[in-house]
Structure formats: structure tokens, C-alpha cells
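Have a look at the structure below before the remarks.
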Amino acid sequence: MAVTSDQIRAMLNRPKGLLTETIEEYISIRTEEVDKVARDDSYLVDGTYAVTTAQKEVAIKNLVSVDCLTVLIDTLPSQFNKADDARFYDRRFQYQIDVFRKRAEEALALISEKGGRAFSIDSTASRIVE
């Protein structure tokens with residue numbers, strides 16, 4: 001199952017002024033980003049810590065939601081006539097963007113490769129007396 005623009009709209013409560021093309025572009029950008037930072041399973045002994053497709057999709061949805069909320073905040077004045085309405089929605093969107101940003105950071109941390117891979121063998125000098 002791939003991330004769709006309808007899923008993003010549902011997460012954001014179907015806001016006005018958000019184009020499908022904008023959502024789809026952000027989905028393609030964030031999919032590439034998530035695929036790039038997700039750890040691969042080439043060094044896993046078993047599938048316990050493998051990144052699942054569902055985990056990637058959660059990260060993509062949260063990142064795209066942050067992007068779409070940023071677009072909505074930037075285009076908000078064109079959607080409302082009264083300044084009071086704009087301020088109310090701006091606060092609401094700002095709260096939502098903070099929540100989605102936190103979720104996106106947590107989702108990326110869950111799937112990302114931390115600091116690369118390292119293999120090290122520690123050995124000590126032995127004292128052999130003949």
C-alpha cells in the first residue's frame with residue numbers, strides 16, 4: 001500500500017486550498033528521503049529489527065503532513081477574508097504542525113540508520129610465560 005493524497009487529506013481534516021498535485025509532489029520527495037535514511041537489513045541476523053513498509057509509510061505521512069501544513073500556513077491569508085479567522089486557523093495549524101513534526105522525527109528515528117555501521121574487535125595483549 002502506498003501513501004496517497006486522500007490519506008494525507010484525511011489526516012489534515014480535508015483542508016481547503018490544498019492541491020492534489022502539491023500533496024503528490026511532497027509524497028514523492030519524502031518517499032525518496034525516507035528510503036534513503038531507512039536502514040537496510042543486510043546485517044540483520046533475523047527480521048526482528050527490519051524496517052517494515054508500514055513504518056516507512058508512517059514516516060512519509062507525517063513528513064508530508066508537516067509540508068502540507070506549512071503550505072497551508074503560507075497560503076492562509078488568501079483563504080479567509082477576516083483577520084480574526086486567519087489568526088484562529090494560523091494557531092490551529094501551528095499546533096498541528098508542532099504535533100506532526102514531533103511524530104515525524106520519532107518515526108524517522110525509528111527507521112533510520114544511526115551513525116553508520118561499525119565492526120570492531122577488541123583484543124588485549126596476552127602475557128605468556130615460557
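Within the range 24-73, restricting attention to residues that are outside any helix (DSSP H, G or I) and β-branched (Val, Ile, Thr), the residue that is surrounded by the most Cβ atoms within 10 Å (Cβ to Cβ) is 51.
Condition check for residue 20 on (1) at pLDDT 85 or above; (2) loosely packed, with under 12 Cβ neighbours inside 10 Å: one failure, at (2).
Condition check ((1) over 17 Å from residue 36 (Cβ atoms); (2) at pLDDT 65 or above; (3) of a type in the set (D, E, K, R)) across all residues:
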| site | (1), (2), (3) |
| --- | --- |
| 46 | yes, yes, yes |
| 57 | no, yes, yes |
| 63 | no, yes, no |
| 74 | yes, yes, yes |
| 87 | yes, no, yes |
| 96 | yes, yes, no |
| 103 | yes, yes, yes |
| 110 | no, yes, no |
| 127 | yes, yes, yes |
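The values are calculated or read from the model by the stated rules, or taken from the named source; none is laboratory data. All values derive from a computational prediction rather than experimental measurement. Reconstructed Cβ throughout: ideal geometry from the backbone, glycine too, with neighbour counts over all protein chains shown.
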